[in-house]
Structure formats: C-alpha cells, structure tokens
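Q: Just dropping this structure here.
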Amino acid sequence: MKVISMYFSPTGGTKKIGEAIGEELAKQLSAEKITYDFTLSDKRKISYAFESSDIVVFGTPTIAGRVPNVLLKFLDTLEGHGAISIPYVCYGNRNYDDALIELGDILTAKGFENIACGAFIAEHSFSRILAAGRPYEKDLGEAKNFAEKIAEKIRNGERGIELPGNRPYRAYYKPIGHDGKPADIRKVTPKVNKELCIDCKVCAQVCPMGSIDYDDVTTMVGICIKCGACEKKCPTGAIFYDDPNYIKHRGELEEDYPMRKENLTCL
C-alpha cells in the first residue's frame, strides 16, 4: 500500500494541506508515503498510472471557482486503475464553487474511487490580505484529523462519498470591470520593476506555466494564470500587476471577503 500526495501548488498552500493529509494517512495505515508534485510544467509531461492498492490525496487550487482549466489536458492523462482517491481543493476565502465536485468527477472518470473530499483555505493568489498566511497550524491540524477519519473508513472497508457542488457546473467566476460589465483578466500579465529586480531568476524557476523568459525575466513567453508564484516568491518585491480591472477585482475581494472561512471535509 502506498499513500501518494499529488498536487498543483504554485504558492505552497495546496502542498501544505496535501502533505499534512498524506503524512498522517500513511502513519495511520503504516503505508509508504510518496509525493508527486506536478506544479512545474515539466512534471506535467510525465505519465502517472496507479494501482488499485494506492491511496492518492489529490489537490489543486481553485481558480474562478473551478479546477484550473490549464490542468485539464494533463488530468486527462491520469490512469487510476481503481486506486482510492481523496480529492481536495484550496481557495482564497471567496468560494470553491464547483471546483471540488469537478475534480472528483475528473478522478472518477479516470478510474479512481473517491472516498473522502475537502475544501481548505489558503492565502489568495491575488492578495496578501485574503486568508493571509493560511493554512495555519490549526488548518493543518484539521487536515491531520481528517486523515485519521479517512484511515478509519479505509480500515472498515467503507467506500463512497457524495461530492458537494452542482452538476452541471456553474460558469467560471468573472470579476466586474470599471464599466460595470464582466471583466476578462485572462491576458493580464505581471510587470517587473527593473530598479528592484536583481535578475535572480526565481520568478522564471517557479512559474508553473514556464511563461517567464529565463534570459530576460521582464519578458513573458507564454500565458499567465495569475497564480501569484512569481510575485509572492520574488525576494525583492520587484513583480507587480498594474491592470486596472485586476486591481479593482483584488480590492473588491479584500473588501467583500474579510471574514474567516472554515475548512470543509466530507466522508
């Protein structure tokens, strides 16, 4: 038996939750613990196939209330072969909408058997205010308690889970622009303050899409999914966004969702 923590985690929140669940689950079941981190683009060129004895703790962040659409092609390559799966999503204090049911459905379609699921809070990719610093130790403790209950369910031979959400899935969440109409920020890209940039290449190394030119980090060579990895991991604070609709959206999120959201777990 192997317990596999598998996740897409540009800024680290989804990783922390997945590792907490996976490590505790492996401990409870006396199983081997493995990590498959497919955050960077080269890791999504690998074929991942599982065995029926595997237990896969599978996580992604929520983008616009859904599974990140840039992952769909990769997710379609997975081969579950009857492995047990625990889908979970992380979101930045607004809502996970239908991301969790969508991820669970994807795993089912690829031959996994979902037996538990969860939606956890992590600092929002756009902001350092929304769910700042989460997951905290308390959140990780809740993840470990969740793992204990999953282990008990597995030992008892129990299966099945009802995934929370809607079918058909709701549309991707869209912010409202300055003109009062839905704003499309998909093509918004980060800018670099050349006076602060020390050309350390961290931004190019952490970009999950491989979209920042390594030789000239001020140049984008691919799409930006607004995951926040480059901005939050820049050691000098040289990376920023200046698109008016992006800034408006971030400000509204920080104003509208200041309350502490609680984690959701389903067994």
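Q: If all Cα-Cα distances of the stretch 208-267 are sorted into 5 Å bins from 0 onward, what percent lands in each bin, rounded to whole numbers?
A: Using 5 Å bins, I get a P(r) of 4, 13, 16, 22, 16, 12, 9, 6, 2, 0 for the stretch 208-267.
Q: Output the pairs from 15/153; 2/45; 43/144; 27/153; 45/233 with a Cα-Cα distance over 20 Å in this structure; if there are none, say none.
A: Correct reply: 15/153; 2/45; 43/144; 45/233.
Q: Which cross-chain or sequence-distant (5 or more) residues have an amide H under 5 Å from the amide H of residue 33, H modelled 1.01 Å from N in plane?
A: 3
Q: What's the local net charge at residue 163, with K and R +1, D and E -1, over the other residues with C-beta under 11 Å away?
A: Residues near residue 163 contribute -3 overall.
Q: Helix 13-29 sits at what angle to the longest principal axis of the chain, using alpha carbons and giving 0 to 90 degrees rounded to 10?
A: So the inclination is approximately 10 degrees.
Q: Oh, and also: Could you calculate, for the chain, the ratio of the Cα radius of gyration to the Kirkwood radius, expressed as Rg to Rh?
A: When Rh is taken as the Kirkwood radius, the ratio is 0.97.
Q: If I histogram all Cα-Cα distances within the stretch 62-170 using bins 10 Å wide from 0, what percent of pairs lands in each bin?
A: Each 10 Å bin holds this share of Cα pairs: 14, 40, 36, 10, 0.
Q: Under a Cβ-Cβ limit of 4.7 Å, which cysteines in the chain have nobody to pair with?
A: 90, 117, 197, 200, 207, 224, 227, 234, 266
Q: With springs connecting C-alpha atoms under 10 Å apart, model the chain as a Gaussian network and identify which of 93, 114, 166 has the largest mean-square fluctuation.
A: Of 93, 114, 166, the most mobile in the Gaussian network model is 166.
Q: Can you give the net charge of the other residues whose Cβ lies under 15 Å from the Cβ of residue 5, counting K and R as +1 and D and E as -1?
A: Net charge in that neighbourhood comes out at +1.
Q: Is the C-alpha gyration tensor of the stretch 13-81 telling us rounded, prolate or oblate? Criteria: a/c under 1.5 is rounded; beyond that, a/b larger than b/c is prolate, otherwise oblate.
A: Verdict is oblate for the stretch 13-81.
Q: Note down the magnitude of the dipole of the stretch 115-199 about its Cα centre, charges +1 on Lys and Arg C-beta and -1 on Asp and Glu C-beta and zero elsewhere, to the nearest 20 debye.
A: Dipole of the stretch 115-199, to the nearest 20 debye: 340 debye.
Q: How high is the relative contact order of the chain? Use alpha-carbon pairs under 8 Å, at least six apart in sequence, and give a whole percent.
A: Result for the chain is 20 percent.
Q: Excluding residue 77 itself, what net charge comes from residues whose Cβ is under 9 Å from its Cβ, given Lys and Arg +1 and Asp and Glu -1?
A: +1
No lab work stands behind these numbers, since they all come straight from the coordinates. Keep in mind that what you see is a predicted model, and the values were worked out from it rather than measured. Ideal geometry is used to build each Cβ from the backbone, glycine not excepted, and the neighbour counts take in all protein chains shown.
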